[in-house]
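Worksheet: the structure to be examined is printed underneath.
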Amino acid sequence: MPPAPPLPSEPLISPETFRNCLRHVPGAVAVITTLHDGERSGLTATAVCSVSAEPPQMLVCVNRSSSPEALIVASGRFGISFLAHDQREVANAFSTKDIDRFASASWTETPAGIPLLDGAAAAFECVVMQTV
């Protein structure tokens, strides 16, 4: 196998162009939620995927600068609610700052208090196993 070509010193496209292109790629949209010390928080995410079925594991990519990230790490638990086709307003609410994101829909709390979206296509309560 020949060696891989060297990486270019400058990106071929800007981060803004990259994000704008990916916004047009269809994929699952999820709301990531958590609860810590009585404070609920969450965000809209598209970087969510299964890692394995045995044991069941999920990968969620959360920007460290997002406000929910610290609460997810502190709690050690989070919820993943994959949105159904008619839940666009939930995605919009969870990507908007300075509003009550949870007011846009109905939620069920797990025994640990993690909010999961009612009517979601699929929902999971997760335990943080590793952060990178």
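What to note about this one:
- Residues that are more than 16 Å from the chain's Cα centre (by Cα) and surrounded by 12 or more Cβ atoms within 10 Å (Cβ to Cβ), drawn from region 25-43: His36
- Region 67-87, residues that are open to solvent by 40 Å² or more (accessible area, probe 1.4 Å) and farther than 19 Å from Gly38 by Cβ: His85, Asp86
- Candidate set: region 88-102, residues that are touching a strand residue (DSSP E or B) at 6+ places or on another chain (Cβ under 7 Å) and part of a loop (DSSP other than H, G, I, E, B); chosen: the one surrounded by the most Cβ atoms within 10 Å (Cβ to Cβ): Phe94
- When residues of region 103-132 are limited to those that are small (Gly, Ala, Ser) and either under 20 Å from Cys49 (Cα atoms) or under 15 Å from the mean Cα position of the chain (by Cα) (or both), the one most open to solvent (accessible area, probe 1.4 Å): Ala121
- When region 1-24 is filtered for residues that are in a loop (DSSP other than H, G, I, E, B), more than 21 Å from the chain's Cα centre (by Cα) and either in contact (Cβ under 8 Å) with a residue 60 or more places away in the chain or within 30 Å of Ala45 (Cβ to Cβ) (or both), the ones remaining, listed by number, are Leu7, Pro8, Glu10, Pro11, Leu12, Ile13, Ser14.
The values are calculated or read from the model by the stated rules, or taken from the named source; none is laboratory data. Please read all numbers here as calculations on a predicted model, not as lab measurements. Methodologically, a virtual Cβ is constructed for each residue, glycine included, from the backbone with ideal geometry; neighbour enumeration extends over all protein chains shown. Each accessible area value is taken on the protein alone, full model and side chains, heavy atoms only, with ligands, DNA and RNA left out. Shrake-Rupley method; radii C 1.70, N 1.55, O 1.52, S 1.80 Å.
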